[in-house]
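One structure below.
The values are calculated or read from the model by the stated rules, or taken from the named source; none is laboratory data. Predicted model only: the values in this text are computed from it and were never measured. Cβ: placed from backbone, ideal geometry, glycine included. Neighbour counts: every protein chain shown. For the accessible areas, the whole protein counts, side chains as well, though only heavy atoms, and no ligand, DNA or RNA atoms are used. Shrake-Rupley method; radii C 1.70, N 1.55, O 1.52, S 1.80 Å.
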Amino acid sequence: VMVLVRRRGAFVTELVRALKQVEVAVAGVDRMLLTDQLAVQDMMALGQFLLLPEDDLTLAIVLKGPLFGFDEELLYDLAYPRERSLWQELRRRQGEHAAFAAAAQRLGALLARADFAPPYELFAEVLGALGGRRAALARLGPEAQDPLDEFLSLALAYERMHGPSLQGFLHWLATGETEVKRDLEQRGR
């Protein structure tokens, strides 16, 4: 079944979400602006943190995102009062709370790899072995699957066209206004 609409807007997103919730097989939307998708924004925020760990706002976004699941209260407990960057505070206080320890350990390991791993490899690890895809789908619903797949595909495509640079990839993605157009007749995707 193909649903035709006059304009692609919020209705299309809600329609796809509703169909997936009742377990109707849906190919997804035929066009999406990738950087408008919450799951992709979470991955981009993680990448920005890995490039600049001193950016407190970006780290707060990452901690509140699906990967770590901090709530407002936990983030406030970490952030206030402090005299150093949020990253330094998280590392200093990791013995106080299990969530602080887990976040500091995982982010520290990713920071150690960020300068050496190509973007695709780094984000594939985050989404796979580190449980990022599972966490994103649990938080954002099954409609986050397609944007995450397209995000990884673009990371791989970027590496083929340019050098494997995290900063370059994030800049390319953010400035490109990447609209994904899919042929819904494809099978086996």
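In this structure, is E159 under 19 Å from P66 (Cβ atoms) and in a helix (DSSP H, G or I)?
no
Which one of E96, E83, E89, E23 is open to solvent by less than 30 Å² (accessible area, probe 1.4 Å) and more than 23 Å from the chain's Cα centre (by Cα)?
When all the criteria are applied, what remains is E89.
Answer yes or no as to whether R134 is closer than 17 Å to L59 by Cβ and in a helix (DSSP H, G or I).
In short, no.
Is region 108-127 home to any residue that is among the hydroxyl-bearing types (S, T, Y), in contact with a helix residue (DSSP H, G or I) (Cβ under 7 Å, 6 or more places away or on another chain), in a loop (DSSP other than H, G, I, E, B) and in contact (Cβ under 8 Å) with a residue 24 or more places away in the chain?
Within region 108-127 (the criterion being among the hydroxyl-bearing types (S, T, Y), in contact with a helix residue (DSSP H, G or I) (Cβ under 7 Å, 6 or more places away or on another chain), in a loop (DSSP other than H, G, I, E, B) and in contact (Cβ under 8 Å) with a residue 24 or more places away in the chain), the answer is no, since none of the residues qualifies.
Any chance you could count how many residues in region 36-54 are under 10 Å from the mean Cα position of the chain (by Cα) and either modelled with pLDDT under 85 or assigned to a helix (DSSP H, G or I) (or both)?
Total meeting the criteria: 10.
Against the conditions (1) among the acidic types (D, E); (2) under 17 Å from A135 (Cβ atoms); (3) touching a Leu at 6+ places or on another chain (Cβ under 9 Å), where does D55 fall short? Just the number, please.
Here D55 clears every test but (2).
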